[in-house]
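Structure, as structure tokens:
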Amino acid sequence: MLVLGQFQISSFELFRSPKQSGCYSSSRSVPLPRTRFYCNLGRSSDFRVMADMSGDKGTNFEKLYLGMDFGTSGARFTVIDEQGWIKAEGKREYPPFMKEESMDWVSSWKATLFSLLEDIPATVRSLVSSISLDGTSATTFILNSSENGEVLCQPFLYNQSCPDALPEVKSIAPENHTVCSGSSTLCKLVSWWNTEVPNRESAVLLHQADWLLWLLHGRLGVSDYNNALKVGYDPESESYPSWLLSQPYSQLLPMVQAPGTSTGLLKESLRRQFGFPDDCIVCTGTTDSIAAFLAARATEPGKAVTSLGSTLAIKLLSTKRVDDARYGVYSHRLDDKWLVGGASNTGGAVLRQLFSDEQLERLSQEINPMVASSLDYYPLQSSGERFPIADPNLAPRLLPRPESNVEYLHGIFESIARIEGKGYKLLKELGATEAEEVFTAGGGAKNDKWIRIRQRVLGLPVKKAVHTEASYGASLLALKGAKQNSNL
């Protein structure tokens with residue numbers, strides 16, 4: 001049984017593949033309907049709707065479940081039915097709102113959230129009974145705890161480090177605790193608290209997913225135990241530890257629930273505006289890498305998921321919990337097992353700085369994945385790394401650059417694969433279950449040459465996950481929340 005909070009759902013029920021019936025495309029493992037619509041909304045967005053136009057009776061009573069993924073470079077939605085079939089999906093890039101010559105993430109994320117809701121066809125929205133979403137881990141908001149929830153400062157981004165707060169955090173937390181990293185949520189909270197802004201006692205801390213969900217349900221101060229891990233929440237005891245509760249800023253900490261727990265109804269104003277059902281609920285979310293793991297349906301110890309998006313995140317299902325902030329390693333709870341892993345700042349964002357999508361596709365075709373590259377890089381956008389090395393000063397290494405762009409891309413692919421391999425090796429050395437098979441999620445899963453390079457470097461079977469988008473995992477949480485709510 002999979003335990004998420006006080007309720008139990010069988011692992012098969014949450015992670016099972018859809019029934020093996022219907023028509024299938026060669027590139028998807030979900031049954032395709034008789035008629036499929038594809039609408040291209042331009043560069044910033046697109047969506048797909050899979051609708052059965054056969055006129056079968058009872059279709060109007062179908063219940064659907066909406067999941068959204070807010071990653072580092074854009075957002076996606078996926079709508080599924082109770083069997084896990086995808087009914088609609090889409091994506092949007094974050095609009096470049098600026099404020100005082102810097103990116104206004106608050107306005108950008110908010111606009112994207114409501115744009116995604118608008119992108120879902122009205123006929124699909126009218127059947128959605130539950131909503132959940134994920135966000136980037138340790139992206140932190142400080143809000144006014146009044147009803148309007150005014151944002152008191154620019155959000156601390158997932159990869160932002162606050163080394164000024166690290167000595168204080170290390171002085172109160174157990175040695176090598178997850179929060180003992182400059183990029184932890186707790187370091188960000190302490191750094192903000194020490195600026196001694198007026199009325200700081202009346203503030204509340206939320207994570208990116210919490211804040212976006214608050215815009216939907218209106219209950220300020222609710223989080224989930226996946227997002228709350230890096231602020232110090234203990235998922236094993238399901239409580240904040242005493243060393244944290246004794247601090248003056250502990251009153252800012254949110255209430256924590258299991259991922260996929262119903263928080264309440266979608267706001268009435270949003271139900272009217274977008275045409276969602278009157279009984280549509282909003283459920284607590286999770287982090288983007290956890291959602292990607294759920295989507296991949298890796299259910300046995302030794303199974304792992306690497307999310308290759310803008311950054312690289314690995315999650316390994318282990319029978320033993322492993323936490324060691326020296327290396328940026330931490331564990332999330334999943335049933336009686338643990339999702340052990342970490343997130344590196346390397347990944348696809350570096351590739352996008354150097355190559356266009358067209359170049360990546362064309363150059364990849366010329367790479368021989370069975371031949372090792374002699375180039376040794378550490379691809380980062382800027383200085384600072386979280387995992388498998390926790391070093392805020394680690395500098396990017398992308399030189400020397402050969403004359404051949406094919407060789408250069410090959411070297412970067414292989415270097416990122418080596419970082420991934422070091423991550424899995426480190427988890428084993430720290431006591432986690434040894435990785436036996438790696439599923440790939442995120443945009444990097446689309447590149448077959450890169451998958452073959454990684455398989456050679458890791459020395460493990462590497463394959464594309466059945467479902468590669470974290471938004472699919474978020475939709476599974478929405479389904480779980482709806483089932484729990486109906487049981488109540």
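The values are calculated or read from the model by the stated rules, or taken from the named source; none is laboratory data. Computed from a predicted structure; not experimentally measured. Virtual Cβ from ideal backbone geometry, glycine too; neighbours counted across all protein chains shown. For accessibility, only protein heavy atoms count, side chains too; no ligands or nucleic acids. Shrake-Rupley method; radii C 1.70, N 1.55, O 1.52, S 1.80 Å.
Computed with every protein chain present, the accessible area of residue 193 is close to 20 Å² [probe 1.4 Å]. Amide H contacts for residue 391 (H built 1.01 Å from N in the peptide plane; partners 5 or more residues away or on another chain; cut-off under 5 Å): 385, 386.
Rounded, prolate or oblate, given the Cα gyration tensor of segment 73-193, with a/c below 1.5 counting as rounded? Because a/c hits 1.5 or more and a/b exceeds b/c, segment 73-193 counts as prolate. Measuring nothing but how far apart in sequence close Cα pairs (under 8 Å, 6+ apart) lie, relative to its length, the chain scores a relative contact order of 16 percent.
How long is the gain from residue 171 to residue 153 if the chain were fully straight, where each residue apart is worth 0.36 nm and the alpha carbon distance is subtracted? It would help to have the intermediate numbers written out before the result.
Numbers: separation 18, 0.36 × 18 = 6.48 nm, distance 2.58 nm.
Extending this stretch completely gives an extra 3.9 nm.
Cross-link list 188/483; 87/446; 267/463; 170/446; 99/170; 87/463: which exceed 32 angstrom alpha carbon to alpha carbon? Result: 188/483; 267/463; 170/446; 99/170 exceed 32 Å.
When a/c reaches 1.5 or more, the comparison of a/b and b/c decides; with that in mind, is the chain rounded, prolate or oblate per its Cα gyration tensor? Present the calculation step by step, with values, prior to reporting the outcome.
On the way: a/c = 1.42, a/b = 1.04, b/c = 1.37.
Here the chain falls in the rounded category.
For segment 309-314, putting each phi into the Karplus relation 6.51 cos²θ - 1.76 cosθ + 1.60 with θ = phi - 60° gives couplings of x, 4, 10, 10, 10, 10 Hz, in residue order, rounded to whole numbers and with x for Gly and Pro.
Think of each Lys and Arg Cβ as +1 and each Asp and Glu Cβ as -1; about the Cα centre, that makes the dipole of segment 181-237 roughly 160 debye.
As an exercise, identify the GluC sites (Glu not before Pro) in segment 87-168 lying in DSSP coil whose Cβ has no more than 14 other Cβ atoms within 10 Å. The partial results should precede the final answer.
Details: sites: 89, 93, 100, 101, 118, 147, 150, 168; in loops: 100, 101, 147, 150.
Answer by residue number: 100, 101, 147, 150.
Toward the positive end of the charge dipole of the chain, with +1 on the Cβ of Lys and Arg and -1 on the Cβ of Asp and Glu, the farthest Cα among 387, 298, 276 is that of 298. Across segment 445-458, computed HN-Hα scalar couplings (Karplus, 6.51 cos²θ - 1.76 cosθ + 1.60, θ = phi - 60°) run 5, 7, 9, 5, 5, 5, 4, 5, 4, 5, 4, 5, 5, 6 Hz from first to last residue, x flagging Gly and Pro.
Taking the protein heavy atoms of the chain in the context of the full set of protein chains, the accessible area attributed to carbon and sulfur is 48 percent at 1.4 Å. Estimated at the nearest 10 Å², the accessible area of residue 225 is 10 Å² with a 1.4 Å probe.
Rounded to whole numbers, the Karplus 3J(HN,Hα) couplings from phi for segment 425-434 are 5, 5, 4, 4, 4, 7, x, 6, 4, 5 Hz, using 6.51 cos²θ - 1.76 cosθ + 1.60 with θ = phi - 60°, and x at Gly and Pro. What you get for segment 150-253, charging only the Cβ of Lys and Arg (+1) and of Asp and Glu (-1), is a dipole of about 160 debye around the Cα centre. Rolling a 1.4 Å probe over the protein heavy atoms gives segment 372-456 an accessible area of 44 Å² per residue. A Cβ-based charge dipole, computed about the Cα centre of segment 341-438 with Lys and Arg at +1 and Asp and Glu at -1, lands at about 320 debye.
Mean separation of Cα pairs under 8 Å and 6 or more residues apart, divided by the residue count, gives segment 371-488 a relative contact order of 20 percent. Take the Cα of residue 382, step 7 Å toward its Cβ, do the same at residue 434, and the gap between the two points is 4.1 nm.
With a threshold of 28 Å on the Cα-Cα distance, the over-threshold entries among 337/449; 428/464; 63/110; 91/320 are 337/449; 91/320. Select from 432, 461, 471 the residue farthest towards the positive end of the dipole of segment 422-488; place +1 on Cβ of Lys and Arg, -1 on Cβ of Asp and Glu, and compute about the Cα centre. After comparing all options, I get 461.
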